[in-house]
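Quick note: the coordinates plus some simple rules give every number you see, no bench work behind them. Model, not experiment: these values are computed from the prediction. Reconstructed Cβ throughout: ideal geometry from the backbone, glycine too, with neighbour counts over all protein chains shown.
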Amino acid sequence: MVGVEASQAVVLFITLFAMMVGMIFTLIPPIPGTLVIWGASLGYGLVLGWDKLGWVAFSLITILMVLGIVADILGGQFGAKLGGASCLAIIVGTILGLILGFVISLIGTPLLGCLAGMGGTLGGILLVERIRYNDWRSAVNATKGYLAGNAIGIMAKVTAGAIMIGVFLGRVYWGG
């Protein structure tokens, strides 16, 4: 029986470690940290059995993960729109950010890829709006809107991640 409890403790430690990594990832705009937290809870349920985590808790964690990802994706675009960015600028910025982020991640590190992706997105929005308005101030305002929206998206992701971990801990330690 001691071996079973020890293995459960190891699985719980690995799960919580992965969840903390996921929380760190929630602070980086293009990385879906809530997906990492969800994956950790999925792994826990698969390894120890769903009676340990429960379908209700896992369903709630899943809903929160989806909400966190949606908030992350829509945050920047919503902010850019409020800042005056056109749909074209948002699309060009997003595509440029994805391409740069992917390429730099392949030849560099994932962290550099995230930074390059963010820089590409900001640069794409700035460039398109500069051409569109022929005015740096308007272009910078649109880019600032994108950054403000990303900040809101990050806050939503962090909140969703924290609640996900809270649901997990509540179920594992006090749920039964």
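Taking LYS52 as the anchor, which lysines have their alpha carbon closer than 26 Å to its alpha carbon, excluding any fewer than eight residues away along the same chain?
LYS157
Using Cα atoms only, what is the angle between the long axis of helix 110-133 and the major principal axis of the chain, expressed in degrees (0 to 90) to the nearest 10?
Once rounded, one gets 30 degrees.
Let me check against my output: what whole-number percent is the relative contact order of the chain, with C-alpha pairs under 8 Å and at least 6 apart? Let's see the in-between values first.
Working: 269 pairs, mean separation 53.5, N = 176.
Averaging sequence separation for qualifying contacts and normalising by length gives 30 percent for the chain.
Pop a pseudo-label 7 angstrom from the Cα along the beta-carbon direction at both LEU16 and ALA162 and give the gap in nm to one decimal.
Distance between label points: 1.9 nm.
Apply the a/c threshold of 1.5 to the C-alpha gyration tensor of region 42-142 and tell me whether it is rounded, prolate or oblate.
Numbers: a/c = 4.92, a/b = 2.05, b/c = 2.40.
Oblate.
Based on the Cβ-Cβ distance of LEU112 and SER138, what FRET efficiency does E = 1/(1 + (r/R0)^6) give at R0 = 45 Å, to the nearest 0.05?
Values: r = 30 Å, r/R0 = 0.67.
With a Förster radius of 45 Å, E is 0.90.
Tell me the angle of helix 136-169 to the major Cα principal axis of the chain, expressed in degrees between 0 and 90 and rounded to the nearest ten.
Tilt of helix 136-169: around 0 degrees.
With Cα Rg over 2.2 N^0.38 Å as the read-out, I listed [x] 1.40; [y] 1.74; [z] 1.25; which label goes with the value calculated from this structure?
From the options [x] 1.40; [y] 1.74; [z] 1.25, the structure gives [z].
Going by alpha carbons, how many degrees (0 to 90, nearest 10) lie between the helix axis of 2-25 and the longest principal axis of the chain?
That works out to roughly 10 degrees.
How far, in nm, would the chain grow between TRP50 and ILE95 when pulled straight, counting 0.36 nm per residue and subtracting the alpha carbon separation? Provide the component values of the computation, followed by the final result.
Numbers: separation 45, 0.36 × 45 = 16.20 nm, distance 3.96 nm.
The TRP50-ILE95 span can extend by a further 12.2 nm.
Taking the Cβ of each residue in CYS87, CYS114 as the centre, tally the other Cβ atoms inside 10 Å and list the residues starting with the fewest. Write out the running numbers ahead of the final one.
On the way: CYS87 10, CYS114 19.
Final ranking by Cβ density, sparse to dense: CYS87, CYS114.
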